[in-house]
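Working notes for the structure below.
The values are calculated or read from the model by the stated rules, or taken from the named source; none is laboratory data. These numbers come from a predicted model, not from an experiment. Methodologically, a virtual Cβ is constructed for each residue, glycine included, from the backbone with ideal geometry; neighbour enumeration extends over all protein chains shown.
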Amino acid sequence: MCYCCGIPLPGNVLAIHGTCSQCRTLGKPFDFARAYGNYRGELRSLIIKFKFGHHQRLSHPLAALLQHCYERSGLDLEPDWIVPVPPHVRRRRERGFDQTLILSRALSQRLKIPVFKDLYRVKPTVPQSGLNLQERRKNLGHAFRLSQADRLSDQTLVLVDDVMTTGTTISEICRLIRLETRIRTILVLTVARVPLWSAQV
Ligand SMILES: [Zn+2]
């Protein structure tokens, strides 16, 4: 896999470069991204049940998958904070709970790393699905706010979400964090990743 963004790469590309062409040429606002698996089959069903079926207890097995993914990554990071990607306020109201925060808390118990709760979503955005990449970026512009940013100075973060689709939301957050504080390292950790060919990038 690409050492930076974690997408699977053919062995010959990996042996020569170590990273994918996108990370090499464009760079990424995070240092590493890792996902437990692809967003399909049993894993997809489990995440859908957790998000939309009000099965909050599923945060525990899903956090176990995140822990496994983190430990298997071989990245020697010693993170200081777990940062949940904040969901849309309206969606949180619809679901009645903040699934990323619950997932982050379960991971926090396992890894003994505190949860940073001062990243907010400040502007209602229309749902990302159905938009192309450019529309997604525009939709997300300035959608997040960080308070107590100085607490993140020279720290290593694990940014947690259930699914990484195009990575637009996650990149937006990483850019904001980098803009507002002198961060050391950002690892993006998700349970699943939508394979690139279906994420239109
Ligand atoms: Zn890459």
For this session: From the list LEU9, LEU43, LEU62, LEU58, pick out the single residue that is without any contact (Cβ under 8 Å) to a residue 24 or more places away in the chain, crowded, with 17+ Cβ neighbours inside 10 Å and in the same structural domain as ILE177 (by TED's automatic domain parsing).
Result: LEU58
For this session: State yes or no: is HIS54 more than 16 Å from the ligand (Cβ to nearest atom), assigned to a loop (DSSP other than H, G, I, E, B) and of a type outside the set (A, V, I, L, M, F, W, C)?
Result: yes
Exercise. What residue, of ILE48, ILE82, is hydrophobic (A, V, I, L, M, F, W, C) and farther than 19 Å from LEU157 by Cα?
Worked result: ILE48
For this session: Out of the residues in segment 166-182 that are more than 16 Å from PRO84 (Cα to Cα) and buried (at least 17 other Cβ atoms within 10 Å of the Cβ), state the one that is modelled with the lowest pLDDT.
Result: THR166
Problem set entry | Close pairs (6 angstrom Cβ cut-off, 6 or more residues apart or separate chains): surrounded by 13 or more Cβ atoms within 10 Å (Cβ to Cβ) in segment 109-138, at pLDDT below 85 and not in a loop (DSSP other than H, G, I, E, B) anywhere | THR125/ASN139; GLN128/ARG136
For this session: For residues that are more than 7 Å from the ligand (Cβ to nearest atom) and not in a helix (DSSP H, G or I), scanning just segment 7-27, find the one that is farthest from SER73 (Cα to Cα).
Result: LEU26
For this session: Among the numbered conditions (1) modelled with pLDDT under 90; (2) in contact with a Gly (Cβ under 9 Å, 6 or more places away or on another chain), tell me where LEU140 comes up short.
Result: (2)
Exercise. Can PHE32 be described as at pLDDT 95 or above, within 16 Å of the ligand (Cβ to nearest atom) and of a type outside the set (S, T, N, Q)?
Worked result: yes
Problem set entry | Positions within segment 158-176 being aliphatic (A, V, I, L, M) and free of Cβ contacts under 8 Å to residues at least 60 places away in the same chain, in sequence order | LEU176
For this session: Report whether or not GLY41 is within 16 Å of the ligand (Cβ to nearest atom) and closer than 30 Å to ARG91 by Cβ.
Result: no
Exercise. Just a yes or no: is a residue in segment 30-44 assigned to a loop (DSSP other than H, G, I, E, B) and either in contact with a Cys (Cβ under 8 Å, 6 or more places away or on another chain) or under 23 Å from THR156 (Cα atoms) (or both)?
Worked result: yes
